[in-house]
Structure formats: structure tokens, C-alpha cells
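Since every read-out is calculated from the coordinates, none of them should be taken as a lab result. Since this is a predicted model, take the numbers as computed values, not measurements. For neighbour counting, all protein chains shown are included, and Cβ atoms are generated from backbone atoms with ideal geometry for every residue, glycine included.
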Amino acid sequence: MGGRLLAIGDIHGCSVALEALLEAIEPGKEDTVVTLGDYIDRGPDSRGVIDRLIALAGQTKLVPLQGNHEQMMLDVLQGRTTLATWTPHGGLATLNSFGFSGDRNFLTAEQQAFFDSLLDYFETDTHFFVHANYDPQLPLNEQSIEMLRWRSLRDSIPEPHISGRVAVVGHTANPEGGIFDLGHLIGIDTYCYGGGLLTAMEVGTGRFWQASQDGQVAVA
Ligand SMILES: [Mn+2]
């Protein structure tokens with residue numbers, strides 16, 4: 001695989017921070033960008049984030065994972081559950097950004113195709129990427145969705161995975177904007193929507209970019 005391998009943490013509607021991050025990183029055709037899920041809810045511009053990710057897929061090799069917030073939205077839009085199961089978790093912000101007026105078929109065909117393309121995990125020779133958590137004893141294709149998409153690191157911090165690969169995860173927000181690095185497990189949800197930062201990590205070098213919703217970017 002040529003190019004850089006990058007991971008981006010939970011965006012949650014923070015389109016300004018996402019744009020600032022992408023301008024700093026300038027991902028190109030040879031690069032691979034893994035987005036860890038939770039693109040929508042809570043922050044101000046879920047639709048803008050989805051449309052920017054769709055555009056990003058034409059600019060670089062995008063590997064988008066599904067977060068629990070995408071699942072909550074899809075469960076509502078596809079009639080598996082009620083709106084009330086989603087709205088307390090930031091869904092109103094998403095509905096507002098899409099101009100929701102009562103019709104659940106508000107996604108464009110392109111946006112629907114993006115949601116249909118979301119993956120449960122991604123792995124390379126050295127790392128694997130999931131939204132939330134993992135069972136250290138199970139191969140990735142045998143992990144439960146509850147574990148991959150919902151289980152907080154506050155409930156269980158896993159031992160190193162049997163594959164020996166390093167896990168890169170989002171989902172469990174660090175309000176201080178700091179990266180959570182145990183060596184075998186790196187957490188990059190840095191709470192952008194709540195006043196923290198949006199983090200991108202270059203896997204090969206350990207280089208980090210962090211952007212805030214006022215468009216400022218820091219590189220470490
Ligand atoms: Mn999440």
C-alpha cells in the first residue's frame with residue numbers, strides 16, 4: 001500500500017473542524033483515510049459532514065466505518081424503531097441539518113449509498129480499526145456489533161488483541177482533547193462537538209493533527 005494511512009475520530013457534525021483537518025492533511029489518491037464512525041448527531045452540521053465525506057471518497061481512498069449514531073439513525077429511517085429512541089442522543093441536530101419535516105426519506109441517493117457502504121471494521125498488517133471496542137480473544141469477523149459499535153472503554157478496557165495488531169478506536173470521548181494511548185490500543189475520540197478537538201492520526205509515523213470547531217489546527 002503506497003501513501004499514508006490516516007485515521008479520523010468521531011466527527012459528530014463538526015464540519016468546520018473536519019474541513020480544517022482535511023486542509024492541513026491534504027489526503028490524496030495514494031493515501032487511505034479510515035473514518036471511525038459517528039459522523040452525525042450532537043454537532044451543528046451532520047449533513048455537511050456526510051457530504052464532505054462523500055466528496056473525500058473522490059479525493060482519496062476512504063474507508064468509512066459505522067458508529068452507533070449511524071446505526072441509531074438508520075434504525076429510525078428504516079422503520080426498525082421510533083424517533084424517540086434516537087432524538088435524546090443528538091438526533092435532533094441531525095434532523096435539523098437535513099431539514100427534516102416529517103418525511104423519513106430525506107437522504108439523497110448518494111447519501112444513502114454512503115450509509116450503505118459503512119464497514120464494521122478495517123485491518124492492515126499492523127493495525128485494526130473499529131468504532132468502539134473489541135473482544136481481545138475473538139477474530140474481527142466474529143466480534144459482536146454490540147462490542148464493535150457500542151461498548152465504551154469506560155465499561156471495559158481490552159487486553160491486546162490475539163492478532164497482535166494495534167487497535168485504533170473512537171467512541172469513548174476524552175473531554176480533555178487528549179489521545180488515549182496504551183500501546184496496544186489508541187483512542188482518538190477527542191470530543192470535538194463538546195468543545196474539544198477532532199483528531200487525525202497518521203498510523204505509520206504516529207503524527208497527529210487536531211482541529212477545533214473554530215478552524216484552528218495543531219500538529220504534534
Ligand atoms: Mn460512538
- prompt: Which value at 222 nm does the chain reach when only helices count, each DSSP H run of 4 or more adding -39,500 (n - 2.57), with the total divided by all residues and rounded to the nearest 500 deg cm²/dmol?
  reply: -6000 deg cm²/dmol
- line: Percent antiparallel among DSSP beta bridges confined to the chain, nearest 5, equals 50 percent
Derived scalar couplings ³J(HN,Hα) [segment 177-185; Karplus, 6.51 cos²θ - 1.76 cosθ + 1.60; whole Hz; x for Gly, Pro]: x, x, 8, 9, 10, 9, x, 8, 8
- prompt: Could you give the nm distance between label points at GLU26 and THR124, where each point is 7 Å from its Cα heading toward the beta carbon?
  reply: 2.0 nm
query: Using modelled backbone amide H atoms (1.01 Å from N, in-plane), which distant-in-sequence or interchain residues come within less than 5 Å of TYR191's amide H?
result: ASN174, LEU197
Estimated FRET transfer efficiency when R0 is 30 angstrom, pair GLU159-PHE98 (beta carbons, to 0.05): 0.15
query: So what's the projected area for the chain, the Cα convex hull averaged over all directions, in nm²?
result: 11.4 nm²
statement: Assertion target for HIS161, HIS127, HIS89, HIS69, ordered by fewest C-beta neighbours within 10 angstrom first, is HIS89, HIS127, HIS161, HIS69
message: How are the alpha carbon pair distances in segment 91-220 distributed across 10 Å bins from zero to the largest one, expressed in percent?
response: 11, 34, 34, 18, 3
- request: Mind ranking 205-211, 153-159, 32-38 by how tightly packed they are, going by the mean number of other C-beta atoms within 10 angstrom, highest first?
  value: 32-38, 205-211, 153-159
statement: Inter-part gap, Cα centre of segment 20-36 to Cα centre of segment 123-199, in whole angstrom, is 20 Å
task: Round to the nearest 0.05 the FRET efficiency obtained for TRP150 and THR108 when R0 = 30 Å and r is the Cβ-Cβ distance.
output: 0.60
message: Highest mean first, how do 13-26, 106-119, 176-189 rank when packing is the count of other Cβ atoms within 10 Å averaged over residues?
response: 13-26, 176-189, 106-119
- prompt: Amide H to amide H, which residues 5 or more places from LEU62 or on other chains are under 5 Å from it, using H placed in the peptide plane?
  reply: VAL33
message: Please list, ordered by chain and number, the residues whose modelled amide H lies under 5 Å from the amide H of LEU119; skip anything fewer than 5 residues away on the same chain.
response: LEU65, GLN66
- request: Please order ASP103, ASP45, ASP31 by the number of other Cβ within 10 Å, starting at the fewest.
  value: ASP103, ASP31, ASP45
